[in-house]
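Worksheet: the structure to be examined is printed underneath.
Please treat every number below as a calculation from the coordinates, not as lab data. Note that this is a predicted model, so its numbers are computed, not measured. Heads up, the Cβs are rebuilt from the backbone with ideal geometry, glycines too, and the neighbour counts pull from every protein chain shown.
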């Protein structure tokens, strides 16, 4: 069953939106997301992978309604979000939650742990006041934080524990769908493994659906069912994790996989290197967005933008396949 | 072939006197660096790896203090040098690459000015010669149209380009040792690959030694010759890369390696190391990893921090590991 469907989503941000700029027709836009479509089934984990600035976080935030989409539709359980009433949208906030990247800035430093988790419970009327304390203690137990820390402040915890508190806060809404935006990249390696295991356990227990945003491919391989590789606001390759990791097809996916350091005992003589940088998202290139760095680029790549098409059980956007 | 030791560090201790107490950031480390070698220092945040790097150049400001130890660079003890002589070493013979290229470049000077400054100061180049050399250096680190880029300010460059400039500045004085403190952590993977590739090639050509400080064990395993693993201010294991990765002896190193998801392996759950690193304000006696260790014995409570030989070119402080190895060898024999 499709839980979430995203259809041709676009999100542009104005950089220079002053009156004068508008008058002189000089207002420029950052093209963060440029027509992205995908769907997520219930209980599944879809990962969005890409380098910084490719629009993966913007997609997550737009789905949750933190940004208004410039174009395109997002449907939840078959219903378009843009056509929902205010009350329905408020109810949707319970069902869709977020886990943030930085556990240091996503918790209010002036609130105690108890208040951090209590606040959403009260505003959404999840449980009655009498049951509240037990409910919070139960949540903390689920995420592995000691119940005696209820009256502590965020700064008294380590990064990993703070991330656990953030997770408890998202779970307090009894959500179906969670956007996890780089939930472990701010943590130390040995702590990363703890949080990854926790997320996977919670997914089993509560039947959660994840949109997992990350740049670390080995983590993505570990946690996801399906993977989407993004570049400059476009999906280049999307499909089953096993297929993509067994044989990446898009030249960018290949290059990305080759650049990832792996634990080895032999010294790597030559990293397969992509030359150049990601193009400027204010002035999008013509044709395929990757052509300036692609060694297989031909004439058609400079002119025509490739569509996502079915290749070997997955979808790839490349003219050469 | 026995290569010449270019840097010898003995019993280096760097403490910070804070109002909460003494933070023992680096707690008596010993290591050496050979000519043309890439030495990786790995550890989690707070392990003391960056402070070790800074201490080598005596870049520790109060309330920090290098309490004791000797740092011998080609036989000269840097700790006994006065500041005037130290300036001739720092940035000239031993240079440093920092993590954040935006913070290590001066935002109000063009990158040309910053390169020329180094060449004039350390190599006494005339302005014109320095300028030509600067263009050459930028070209060498792979910056296109270097002549034009000379006039650009750091904010006009992308993160990867800035780090290339920092590498160019570090190489400008033709140093014998480069200390790179998380040089690619702020960069994307494809850009990281570019910079690592660049550094590898430049170092090989010049027989420069490199100390590569990082938390990324996978990255270090791809480039280093030898690896030091640090934990709570101590080196707990060191040795040749192959031996450490394939045959880690210390339970912490084992845990670190096991907690990294491997691309071509299917694991259901990741192995995790329980708990946290002890606070550097209040370090326990004996083995500092004890509270998180699954193999601890009573002996660990007050054991010394001496290295035991695991194999040729591989040493660890964990005696338990050493014991196990011996039993194995005995069993085989």
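Rank-order B:116-122, B:251-257 by packing density, defined as the average count of other C-beta atoms within 10 Å over each peptide's residues, highest first.
B:251-257, B:116-122
Taking the Cα atoms only, what angle lies between the long axis of helix A:129-143 and the longest principal axis of chain A, rounded to 10 degrees? Taking Cα atoms only, the helix is inclined about 50 degrees. Beta-bridge orientation, the protein assembly as shown: approximately 60 percent antiparallel, per DSSP, counting only bridges with both partners inside. Each part reduced to its alpha carbon centroid, segment A:142-157 and segment B:156-179 end up 43 Å apart. The mean count of C-beta atoms from other chains within 10 Å of the C-beta of residues in A:197-204, rounded to a whole number, is 1. Report note on the peptides B:74-85, A:86-97: ranked by the mean count of other C-beta atoms within 10 Å, highest first, their order is A:86-97, B:74-85.
For chain B, the longest principal axis of the alpha carbon atoms and the long axis of helix B:319-332 meet at an angle near 70°. Taking A:58, A:265, A:45 as the candidate residues, the one with maximal mean-square fluctuation in a Gaussian network model of chain A, Cα springs under 10 Å, is A:265.
So what is the relative contact order for segment A:1-114, in percent, with contacts set as C-alpha pairs under 8 Å and at least six apart?
Worked out over segment A:1-114, it gives 30 percent.
Here the extension length gained between residue A:23 and residue A:104 equals 25.0 nm, from 0.36 nm per residue of separation less the Cα-Cα distance.
When each of the peptides B:280-286, B:8-14 is scored by how many other beta carbons lie within 10 Å of its residues on average, the order from highest to lowest is B:8-14, B:280-286.
FRET efficiency for the residue A:296 to residue B:10 pair, using the beta carbon distance and R₀ = 35 Å, is estimated at 0.05. Counts of other chain beta carbons within 10 angstrom of each beta carbon in peptide B:179-191 average 4. Rounded to 0.05, the FRET efficiency of the residue A:131 and residue A:86 pair, given R0 = 35 Å and the Cβ-Cβ distance, is 0.80.
P(r) tail, the protein assembly as shown: Cα-Cα pairs separated by more than 43 Å, 30% of all pairs.
Tell me the relative contact order for chain A as a rounded percent, counting alpha carbon contacts under 8 Å between residues six or more apart. Before the final figure, lay out each step's value.
On the way: 545 pairs, mean separation 66.1, N = 321.
Worked out over chain A, it gives 21 percent.
Look at the alpha carbon pairs under 8 Å that are at least 6 residues apart: their mean separation over the length of chain B gives a relative contact order of 20 percent. Separation of segment A:222-276 from segment B:41-103 is 37 Å, based on Cα centroids. Remark: mean inter-chain Cβ contacts per residue of B:213-222 equal 4, using a 10 Å Cβ-Cβ cutoff to other protein chain atoms. Subtracting the Cα-Cα distance of residue A:123 and residue A:71 from their residue separation scaled by 0.36 nm leaves 15.6 nm.
Using the alpha-carbon atoms, what tilt in degrees (0 to 90, nearest 10) does helix B:111-123 show relative to the longest principal axis of chain B? That works out to roughly 80 degrees.
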